[in-house]
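Reading through the C-alpha cells given below for one structure.
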Amino acid sequence: MRLTSSQDREILRLAVPAFFALVSEPLMLLADSAIVGHLGTPQLAALGIAGTILQTLVGICVFLAYGTTSAVARRIGAGDHKGALAQGIDGLWLALLLGVVLAVVGVLLAPAAIGAFNPSPDVADHAVVYLRISCLGIPSMLLLLAATGVLRGLQDTKTPMIVAITANLLNIVLNLVLVYGLDLDIAGSALGTALAQTAAGVALVVVVVRGARRDGAKLRPDFPGIRASAHSGVPLVVRTLTLRVAIILATFVATSLGTTSVAAHQVAFTLWSFLALALDAIAIAAQALTGRALGAGDVEGTRAITRRMMWWGLWSGVVGGLALWGLHTVYVPWFTEDPAVRHSLSAVLLVAALWQPVNGVVFVLDGVLIGAGDGPYLAVAGVIALVLYVPLALSVIWFDGGVVALWWAFGGFMLLRLLTLLTRERRDAWLVTGAVR
C-alpha cells in the first residue's frame, strides 16, 4: 500500500513507535526467561507460573492505557489541552490507587495463587518469592500504562517507545547484576524487573506531570474525575476478560487433545501473539486518531480515517498471513525436533495464516471503538462472541477433533468479533462528538 495521503503518514507516525514499544514487553519476558533459565529448571518453572499470575493482574488493567488514550485524545481534538492533561492526571491517580490495592492483595495471596497451580514444593517456593517481589512493582506498572495512554492521547507514541527500549536494556543489566553478580537467585530477577519497570513508570509520569504544569492543569487528586475514569474502564475490563477466557479455553481444549497437540498449539499461539502486536500498533493509532477526530466534531473525518485504517488492518493481516505460512518451513524447526509436533504445527499455521486478514480488521475496529469511547458496546459484543464460541471450542472435544479443528474454532471466535464490530461500525450510534462522550 503506497503512502499517498496524509492519513497514511499519520497512521505510520503513531503505529511504528507503538509497535516497537509493544514488542519490548515480550522481549523483556524473554530476557528474564533466558537469565533465570540458567539457574535451574525449578526457577524457570516458577517464573512461568508467577509470570502468568502477574501478567493477568496487570493485563486486566490495560483499560488504564486504552480509556485514557480515548479521553485525552477527545479533549485534544476539542482544543482543550489543559483539560486533556487534567484527565490524564486523573488516570494516573486511579492507576496508583488500583496498583497499591493489587500489590497488597498480590503479596498476601501469593502462596494461595501459586498453590492453585499445584506445583512441586521447590517450584512453589521460588514462585512465591518471585511473585511477592514483583507485586511490589505493580503500582509502577499501572502508572506506566496510564502515562502511556496519556501520551498516546496527546498523539505521542515516540516517547513511550524510547522509555520502553531503555527499560528493556536496564532490565537486562539489573537482572545480570542481581542474579549473578550479587547471587540473589530468582529474587534478583524479580527485583531487577520491578526496578526497571519502576524507572520506566517514573520517567513517563514525569513527562506527563511536566506537561500538566506547563498548561496549568491540576495535579492534586480529583475524586469525581477518578471515579469517572474507573467507571468508564469497567466495560473495557469486561471486554479484556472475554478475550482472556477465549484464549484460556483454547489452551484447555488443546491440553485435552494430548501432548503433541498442546505443544503445536503453544508454538502457534506464540507466533499468533507476535503478529497481534503489529496489528495492535495500528489499533493504538486508531484509538488516538478516532478520539481526536470525534473531539473536534469531525464525523466525516472519523469515517474516512476508519475506512483507511480498516484497509491497513486488512492488508497487514494479508502480509502477516503470507509470512506466517510462507516462512514456516524455515522457523518451525527452531521450535521442535519432534516430527509429529512439526506436522501438526505446519497444519495449524496454515489455518492461522488464513485468519490473519480477519484479525487485522478486528484489531483496527477494536481500536476505533475504544477511541470513540464505545466501551459498553465492546463489552456486550465480547460477551456475545464468547458465548457463541464456547460450544464451538468444546465441540472439538465432543466430536474428537484435532488441534487443526481447534484453530478453525478459534478463527470462528475472531469472525464472530468481526461481525459484531462491523455491525456497529456501519451505524452512527458510536459517532458521539465533543470533548467528553
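Quantify, in whole percent, the carbon and sulfur part of the accessible surface of the stretch 35-94 (1.4 Å probe; protein heavy atoms only).
63 percent
Under a crude label model (7 Å from the Cα following the beta-carbon direction), how far is Leu97 from Val173 in nanometres?
The two pseudo-label positions are separated by 3.7 nm.
With the convex hull built on the Cα atoms of the chain, state its orientation-averaged projected area in nm².
Quarter of the Cα hull surface area: 20.5 nm².
Please work out the Cα convex hull volume for the stretch 207-360 and give it in Å³ per residue.
It is 166 Å³ per residue.
Using a 1.4 Å probe over the heavy atoms of the protein chains, calculate the carbon and sulfur portion of the accessible area of the stretch 298-363 as a whole percent.
About 70 percent, which is the carbon plus sulfur part of the accessible surface.
Efficiency by 1/(1 + (r/R0)^6): what FRET value for Ile397 and Val319, r their Cβ-Cβ distance, R0 = 51 Å, to the nearest 0.05?
E between Ile397 and Val319, to the nearest 0.05, is 0.90.
Return the Rg/Rh ratio of the stretch 348-437 with Cα-based radii and a Kirkwood Rh.
Radius of gyration over Kirkwood radius for the stretch 348-437 works out to 1.07.
Let me know the shape class of the stretch 326-378, please: from the alpha-carbon gyration tensor, a ≥ b ≥ c as square roots of the eigenvalues, rounded when a/c is under 1.5, otherwise prolate if a/b is greater than b/c, or oblate.
Because a/c hits 1.5 or more and a/b exceeds b/c, the stretch 326-378 counts as prolate.
Tell me the net charge near Leu431. Cut-off is 12 Å between Cβ atoms, Leu431 excluded, with +1 for each Lys or Arg and -1 for each Asp or Glu.
Summing Lys/Arg as +1 and Asp/Glu as -1 gives 0.
Could you work out how much longer the chain between Leu354 and Tyr180 gets when fully extended? Use 0.36 nm per residue separation minus the Cα distance between them, nm to one decimal.
58.2 nm
Multiply the residue gap between Asp338 and Phe117 by 0.36 nm, knock off their C-alpha separation, and tell me the result in nm, one decimal place.
This chain segment gains 76.9 nm when fully extended.
Taking 8 Å as the Cα distance limit and 6 or more residues as the minimum spacing, I'd like the relative contact order of the chain as a percentage.
23 percent
Give the accessible surface of the chain per residue, rounded to a whole number of Å², with probe radius 1.4 Å and ligands, DNA and RNA excluded.
Result: 43 Å² per residue.
Work out which helices of the chain, taken as complete DSSP H runs, extend at least 15 Å along their axis over the Cα atoms and score a mean Kyte-Doolittle of 1.0 or more, then list them.
41-59, 81-115, 138-153, 158-176, 185-214, 223-256, 259-295, 339-371, 375-398, 403-425
Roughly what would the spin-label model give for Leu219 and Val299, points 7 Å off Cα along C-beta, in nm?
Spacing of the two 7 Å Cα→Cβ label points: 4.2 nm.
Quick check: residue separation of Leu27 and Thr270 times 0.36 nm, minus the Cα distance between them. What number comes out in nm?
Taking 0.36 nm per residue and subtracting the Cα distance, the gain is 86.2 nm.
With bins 5 Å wide starting at 0, give me the P(r) of the stretch 291-338 over every alpha carbon pair, in whole percents.
Histogramming the stretch 291-338 at 5 Å steps yields 5, 18, 14, 13, 10, 9, 9, 7, 7, 6, 2, 1 percent.
Give the separation of the Cα centroids, the stretch 240-316 to the stretch 11-79, in Å.
Value for the Cα centre distance between the two parts: 14 Å.
The values are calculated or read from the model by the stated rules, or taken from the named source; none is laboratory data. None of these values were measured; they are calculated from a predicted model. All Cβ positions, glycine included, derive from the backbone under ideal geometry; neighbour counts span all protein chains shown. SASA here: full protein model, heavy atoms, side chains in, ligands and nucleic acids out. Shrake-Rupley method; radii C 1.70, N 1.55, O 1.52, S 1.80 Å.
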